[in-house]
1. Collect the residues in the stretch 129-186 that are acidic (Asp, Glu) and either part of a loop (DSSP other than H, G, I, E, B) or crowded, with 20+ Cβ neighbours inside 10 Å (or both), keeping them in residue-number order.
2. Would you mind stating whether residue 368 is assigned to a helix (DSSP H, G or I), modelled with pLDDT of 95 or more and within 30 Å of residue 86 (Cα to Cα)?
3. Being free of Cβ contacts under 8 Å to residues at least 40 places away in the same chain, part of a loop (DSSP other than H, G, I, E, B) and not assigned by TED's automatic domain parsing to the domain that holds residue 196 narrows it down to one residue among 21, 28; which is it?
4. Got at least one residue in the stretch 112-120 being under 26 Å from the mean Cα position of the chain (by Cα), buried (at least 16 other Cβ atoms within 10 Å of the Cβ) and assigned to a loop (DSSP other than H, G, I, E, B)?
5. Condition check: touching a helix residue (DSSP H, G or I) at 6+ places or on another chain (Cβ under 6 Å) and not assigned by TED's automatic domain parsing to the domain that holds residue 329. Does residue 213 satisfy that?
6. Just give me the residues in the stretch 348-368 being of a type in the set (Ser, Thr, Tyr) and crowded, with 19+ Cβ neighbours inside 10 Å, in sequence order.
7. Scan the stretch 231-257 for residues that are touching a residue at least 60 places away in the same chain (Cβ under 8 Å) and touching a helix residue (DSSP H, G or I) at 6+ places or on another chain (Cβ under 6 Å) and report the count.
Amino acid sequence: MGGGAMWERLVGQETAVAMLRGAIDAGRVGHAYLFAGPEGVGRELAARALAAALNCPEGGCGTCGVCARIARGAHPDVWEIHAQGEQILVEQVREVRQAAYRSPVEGRAKVFVLQAAHRLNPSAANALLKVLEEPPSDVVFVLVSGSPEDLLPTLVSRCRRVDFFPLGPGDVARILVEQHDADPGEAEAAARTGGNVARALLFLKDASAAARRARHVEIPGRLVKGGPWDAVAIAAEIEAEAEAARDALAARQKDELATYLDSFGDARGTATARKRMEDRHKRELRRAETVAFDSALADVASFYRDALLLGAGAPPEVLVNAEMRDRLGRAAAAVDRAWLVKALGAIEQTRRALQRSAQPLLALEALFMMLGRPRASKVARA
């Protein structure tokens, strides 16, 4: 029952796959799961593989009509719930609750996947808690989150947690080649952007991505050589990158809306469809900004990560920025390791703050000013 090609697409997450397939094979699937881990490592793919295993006659064969519709998000018994704006609203959860207590349309089980579940507002979280306390027998909820600590603790306590971890460069390159027909050389370069398939795919599709990444990994050096005004200037550069990504997407969305209006007009009967499109556009614009900030901060973090690993005696092959090995070695020798850990923590805190709609420029300025004042190692101070 738990076998099938859908699981085989999950590269580098063997522990998560084994846990989920084992539950299916034993007939002990939980009514609620928390898929915790960073974006782009297979959480959404795992949710769809689970839905396919529960509904496909062959346990997720990957080729039948059921699997195809689940894979493209078009199966009537598999729902994916996204935030509207910055939050998942109580109205959305109420709709889910009503659907949960109805019989499946055509499958054996209904699966509700809440993307970025930490965006549940308090009313929505409490509404979801009610259905998790008395769940229907043929329903599985999957809460997907990169910030599980922001979820209501009582929600977390009612879910089986499945952890997903960053992928190694080899795994990312393999996925790009085998599942996205990427050139092996280009896949290897893209895989070094961090253990995130989504980011690597953006790198492959964006002709300017390599140049941007090269600028980002130079930021630690610029910050040390410069002063507070350099931190301010670099923050403005990153904000400008995010605005450019948003503007480019907005132009494409404008064309999409114009095409829709040409086809269907703006009559009263089209208002609901237009509203859905406009809501989706708002989510996509916010997402474009978040991806731009995430990518920049991940590139900056990769420098400190590599320096920390080199200082701890790690082999060169684990480095993300192997071409900067000499400079990384000097940084590892000169900078206190505890400070490098602190720097990585500060970057992660800033990334999460930006996801919560913090003031981007102020958050970035504060971060870069802190990173511009590294603490010297004991050897360097001696």
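The values are calculated or read from the model by the stated rules, or taken from the named source; none is laboratory data. All values derive from a computational prediction rather than experimental measurement. A quick note on method: Cβ atoms are made from the backbone with ideal geometry, for glycine too, and the neighbour counts reach across all protein chains shown.
1. Taking the stretch 129-186 first, the residues acidic (Asp, Glu) are 133-134, 138, 149-150, 163, 171, 178, 181, 183, 186.
Within the stretch 129-186, 134, 138, 181, 183 meet the criteria.
2. Values: assigned to a helix (DSSP H, G or I): yes; modelled with pLDDT of 95 or more: yes; within 30 Å of residue 86 (Cα to Cα): yes.
Spelling it out, residue 368 is indeed assigned to a helix (DSSP H, G or I), modelled with pLDDT of 95 or more and within 30 Å of residue 86 (Cα to Cα).
3. Numbers: 21 fails: part of a loop (DSSP other than H, G, I, E, B).
Testing whether each residue is free of Cβ contacts under 8 Å to residues at least 40 places away in the same chain, part of a loop (DSSP other than H, G, I, E, B) and not assigned by TED's automatic domain parsing to the domain that holds residue 196 leaves just 28.
4. First, pick out the residues of the stretch 112-120 that are under 26 Å from the mean Cα position of the chain (by Cα): 112-120.
Okay, now just the ones that are also buried (at least 16 other Cβ atoms within 10 Å of the Cβ), so 112-120.
When the remaining residues are screened for being assigned to a loop (DSSP other than H, G, I, E, B), the result is 115-116.
The answer is yes, given that some residue of the stretch 112-120 is under 26 Å from the mean Cα position of the chain (by Cα), buried (at least 16 other Cβ atoms within 10 Å of the Cβ) and assigned to a loop (DSSP other than H, G, I, E, B).
5. Values: touching a helix residue (DSSP H, G or I) at 6+ places or on another chain (Cβ under 6 Å): yes; not assigned by TED's automatic domain parsing to the domain that holds residue 329: yes.
So residue 213 passes the test.
6. If we filter the stretch 348-368 for residues that are of a type in the set (Ser, Thr, Tyr), which is where we start, we get 350, 357.
Within the stretch 348-368, 350 is the sole residue that qualifies.
7. Kept after step one, since they are touching a residue at least 60 places away in the same chain (Cβ under 8 Å), are these residues of the stretch 231-257: 231-232, 234-236, 238-239, 242.
Still in the list and also touching a helix residue (DSSP H, G or I) at 6+ places or on another chain (Cβ under 6 Å): 231-232, 234-235, 238-239, 242.
Of the residues in the stretch 231-257, 7 are touching a residue at least 60 places away in the same chain (Cβ under 8 Å) and touching a helix residue (DSSP H, G or I) at 6+ places or on another chain (Cβ under 6 Å).
Here's the yes/no breakdown for (1) surrounded by fewer than 19 Cβ atoms within 10 Å (Cβ to Cβ); (2) in the same structural domain as residue 304 (by TED's automatic domain parsing); (3) small (Gly, Ala, Ser):
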| site | (1), (2), (3) |
| --- | --- |
| 200 | no, no, yes |
| 229 | yes, yes, no |
| 232 | yes, yes, no |
| 239 | no, yes, no |
| 247 | yes, yes, no |
| 251 | yes, yes, yes |
| 256 | yes, yes, no |
| 259 | yes, yes, no |
| 262 | yes, yes, no |
